[in-house]
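Read through the structure below, which is laid out as structure tokens, and then see the notes.
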Amino acid sequence: MSKSTTKHQSVYPLSRELLLSCEKPARYVGGEYNLAPVKPDAALQFLLCFPDAYEVGLSNLGVKILYDILNALPDASCEYCFAPWPDFGRVLREHQIPLYGLTSGIPARAFGMLGFSLQYELSYTTVLYMLDLAGIPFRARERGEGDPVVIAGGPCTVNPLPVADFFDLFVIGDGESAIKELAEAYIANKRAGGKKADFLRAAAKVRGVWVPDDDSGQRSAVSGQLKDEIATRHSVPLAMTQNERDSDRNCQPTTDNCPLKIKRAVEPDLDALPYPVKPVLPNIEAVHDRAVVELFRGCTRGCRFCQAGMIYRPVRERGFDRCKESAFSLIDNTGYDELSLTSLSSGDYPRIRELIADLSGALRMRHVGLTLPSLRLDSFSGDFKSGGGGLTFAPEAGTQRLRDIINKNITEEEILSACAAAFQRDNASVKLYFMLGLPFETQEDIDGIIALCSKIKRLGKRPKISVSCSVFVPKPHTPFQWCAQIGREKAEVSQRYLKAELKRLGVTFHYHDARVSEIEAVLARGDRALSGVVEAVYDAGSVLEGWTEFFNYERWTAAFAAANVQPENYGGARNLTEPLPWDFIDVGVTKAFLKREYARAEKGLTTEDCRKTCHGCGLRCKSK
Amino acid sequence: MLLFEFEKTGAFRYIPHVDMLRAVTRTLRRARIECGYSHGFNPHILLYFSPPLPIGTASRCEQCALDCVLSAEEFLERYNRAAPAGLKALSAAVFPYPVNPAAKVNKARYEIVLNTGKVEIKSCFAALSAAAREVLAGDLFEVSAGRDGGVKEARPLLHDIAVRAGGGAVAVDAVLSAGNRNLRADRFIEGLLKRAGLNYTGADITRVTLYQ
């Protein structure tokens, strides 16, 4: 990438001609309402990078939270950066314009730290796209003192191995305190004239931070010195043989007793943290473009397929008054006409009805609609809507047997009752989410989806029903992390079958490309051998793969073949006794608990909501 | 009814009309300005805008009318406190009758600045002036009709052209039809440059006045 701009020289103003040659030029010019002013003299210049398009990234609550926290620090300045659409990416390359911060136009490589939010596995090639456009070497070991520190956070970091070579460090878990500590460590190191390795040494002591060993062995000296300090700080027993140290170099322990675990960062009290009530408003239409109040983090329902339900435990609620204050501040500061109360299961917020009652009247006066997008079927009694014009429910499986296996804990009666209530309230359309390829699924379960839709259809006067079916992806740190993913061909057969049968019923059917799910499964349970594959797929031209039009399955199969990697090894079943590559990450939920839940799934036994009964997942939240 | 004039400059010159509507609506809501709403299942603020601009054209004369009980001064103060840079209100007036800028506006003046560079100003000015005189004297003036490569006859939509030079650039002031019969300024200047045998791109276009 270019050297035609000096490192600290803003690329603004961009040529009108170049901007107008691209779709949606408003993505690239800054000027959004509520942008924090840049502090050019701040010791830490932080670039918050979201590896997806502008209109997706600006809606993400996690980056809004970090943006606020960093800009509140007196000696830090944070800007946004999103992946350019391919047309603008070509313009940047052709005209040797480096990727830049949206507020100032300063090239990305001039920033001290780049922080990527890894929300989904198919964003990995887009990370490389952004590094490439920025002129920053992909691999951490290739970056020198003059290059930014490149870090990552987000849900994918619970198994960071496929991209470990590309990042200097990962923040696993809640980012609020961790990012502040990292910023402070960076600033202190800079003031002391320290080098990058000194910063990484300090960073590795922050709860939730993993500094990968690089594959050249150069960094092992850093982490070797740190192991004692980390063990002491995080109360992890330390007893490493030379063999274990060597295996720890690639974080693939040779035994199940991984001696050194990176503990996920957990914020115990959400009310003690600032909440972003002045979010940056997108210049153009964005996804989920509305005011958002996060009611709580974590979930107690214990759905066995759900990674979020495991890695965000324990439940931490925002206070009732705090939720209300945040709601009204957001409306005042943004002018949004829609407010969303979000969490993994909003109906479980203890005073949800009271909150809605308190908010509804005032919001109605201000012409603001209220939505609760993550409503479980058993929370819905028809008295509040889940979002949009119709209602959305997620039974996930077509039979009670399979719902019990996945621990969805919803009965057919509850499903039918919720749909009936919805139809009575003039919600004539219902959207249902299911998954194909769940563990222990049989043809009967697939037929169960059809039977359920048929029953729902009879509840209303010509109701509109649509079904959306994704393919199950086994995820790390869940009871199903040992399960095989359904083969692509089998998934496609089931999709065709459902499409035909549901069409006969007059039910609209949407489904995800099974090839996408196959690649997601490989990356989700991948290891460091995949970094070369990710790079090869990027080199072949893949970016923004979360968008259907850009996903290219053949590039992945070619890259697997060239690297001599067998993708079926990653998508296949795992032995319950074998160590797993991500075992070194301690999300709080123990492997023993996950194995117990898997065993219960095999027997079709459900596990009750842990608000009622503790099942010993490892977090011991009730004893605190 | 209150009619206010506002700018669409800076970053906002690149936002499409529908997003500009959204931005103005949100500004009114942040400013807590009580407006008239539509009825029905999904009420929205009733706003009446001047004819839309293509992406990339700035403006110092966009108009919006709404039902509002504030005085012009109070409106300007509250609106501008909540408005983003590039979308500020420039003036306001209260009318005792309904106003609809989209229906009333039929012409607009544009200021088009070409960055020719100092060396070429003289020759550019001469060529453009000659082309402008020729176009105004004649009956025919073709401009591109869209991305599909078609052309359309635009002379009836062109009302005046004045070419001037200064400050290291050549500027063209043009009065073009706007509203139901519309001539886009970017297509106008492209057509005029072609007529003049010139090849500049990246003209800086600003709508400066609306006429009824």
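The values are calculated or read from the model by the stated rules, or taken from the named source; none is laboratory data. This structure is a prediction, so every number in the text was calculated from the model and none was measured. Here the Cβ is made from the backbone with ideal geometry for all residues, glycine too, and neighbour counts use every protein chain on show. With ligands, DNA and RNA removed, areas are computed over all heavy atoms of the protein, side chains included. Shrake-Rupley method; radii C 1.70, N 1.55, O 1.52, S 1.80 Å.
General observations
- Accessible surface of the stretch B:20-139 [probe 1.4 Å, protein heavy atoms]: carbon and sulfur percent: 56
- With the largest listed first and rounded to whole Å, the semi-axes of the equivalent ellipsoid of the stretch A:484-610 from the Cα gyration tensor are 28, 26, 13.
- Working from the Cα coordinates of the stretch A:426-565, the gyration tensor eigenvalues give, after taking √(5λ), semi-axes of 34, 17, 12 Å in decreasing order.
- Taking the charge dipole of chain A about its Cα centre, with +1 at Lys and Arg Cβ atoms and -1 at Asp and Glu Cβ atoms, the residue from A:A53, A:V507, A:P581 reaching farthest to the positive side is A:V507.
- Accessible area (Å², per residue) of the stretch B:99-147, counting only protein heavy atoms and a probe of 1.4 Å: 58
- Cross-link partners of A:K180 among aspartates and glutamates, defined as those whose alpha carbon lies under 18 angstrom from its own and excluding same-chain residues fewer than eight positions apart: A:D68, A:D75, A:E79, A:D168, A:D198, A:E267, A:D269, A:D271.
- Here the stretch A:393-453 and the stretch A:283-345 have alpha carbon centers that stand 25 Å from each other.
- Largest first, the three principal axis extents of the alpha carbons in the stretch A:92-195 are 40, 36, 28 Å in whole numbers.
- Restraint check, A:K64/A:K455; A:K461/A:K603; A:K64/A:K196; A:K431/A:K622; A:K503/A:K612; A:K24/A:K190, Cα-Cα greater than 31 Å: A:K64/A:K455; A:K461/A:K603; A:K431/A:K622; A:K503/A:K612; A:K24/A:K190
- Overall dimensions of the stretch A:483-548, expressed as equivalent-ellipsoid semi-axes from the Cα gyration tensor (√(5λ), whole Å, largest first), are 30, 15, 8.
- Over the stretch A:49-89, the hull volume per residue, using the convex hull of the C-alpha atoms, is 58 Å³.
- With one equal scatterer per alpha carbon and no solvent term, the Debye-computed log10 I(q)/I(0) for the stretch B:1-65 at 0.26 1/Å reads -1.24.
- Three-way shape call for the stretch A:1-72 based on the alpha-carbon gyration tensor, with the a/c threshold at 1.5: oblate
- Most positive-pole-ward Cα, A:C617, A:V534, A:L544, against dipole of the stretch A:495-624 from beta carbon charges: A:C617
- For the stretch A:5-133, the Kirkwood radius over C-alpha pairs fed into Stokes-Einstein at 20 °C and 1.002 mPa s yields D = 145 µm² per second.
- Shown here are the Rg and Dmax of the Cα trace of the stretch B:77-148, at 20.0, 54 Å.
- Expressed as a fraction of 2.2 N^0.38 Å, the value expected for a compact globular protein of N residues, the C-alpha radius of gyration of the protein assembly as shown is 1.04.
- Look at the alpha carbon pairs under 8 Å that are at least 6 residues apart: their mean separation over the length of the stretch B:41-150 gives a relative contact order of 25 percent.
- Chain B packed on chain A takes about 2100 Å² of accessible surface away from a 1.4 Å probe, both sides summed.
- Put simply, the amide H of A:E545, placed in the peptide plane, has neighbours under 5 Å in A:T126, leaving out anything fewer than 5 places away on its chain.
- For chain A, the longest piece that avoids every one of the chymotrypsin sites (Phe, Trp or Tyr not before Pro) found in DSSP loops with at most 15 other C-beta atoms within 10 Å covers A:1-439.
- Compactness ratio for the stretch B:155-200: Cα radius of gyration over 2.2 N^0.38 Å (N = residue count) comes to 1.22.
- The reciprocal of the average 1/r between distinct C-alpha atoms defines the Kirkwood hydrodynamic radius, which for the stretch A:59-138 equals 13.6 Å.
- Shielded residues, the stretch B:1-33 - accessible-area loss of 30 Å² or more between chain alone and all protein chains, probe 1.4 Å: B:A11, B:F12, B:Y14, B:I15, B:D19, B:R22, B:R26, B:R29, B:R30, B:R32
- Coil-residue trypsin sites (Lys or Arg not before Pro) of the stretch A:411-471, DSSP, other Cβ within 10 Å capped at 16: A:R425, A:R458, A:K461
- Trypsin sites (Lys or Arg not before Pro) lying in DSSP loop within the stretch A:148-217, provided at most 13 other Cβ fall within 10 Å: A:K195
- Leading residue at positive end of dipole, chain A (Cβ point charges), from A:Y598, A:G361, A:V163: A:G361
- Rounded to the nearest 20, the size of the Cβ-charge dipole of the protein assembly as shown about its Cα centre is 980 debye, with Lys and Arg at +1 and Asp and Glu at -1.
- Rounded to 5, the percent of DSSP beta bridges in chain A classed as antiparallel: 10
- Calculation over all alpha carbon pairs of chain B in 5 angstrom steps from 0 returns a P(r) of 1, 7, 14, 17, 16, 14, 10, 8, 6, 4, 1, 0, 0 percent.
- For the stretch B:101-191: Kirkwood Rh in Å [reciprocal of mean 1/r, alpha carbons]: 13.9
- Among the protein heavy atoms of chain A, carbon and sulfur supply 50% of the accessible surface, probe 1.4 Å, non-protein parts ignored.
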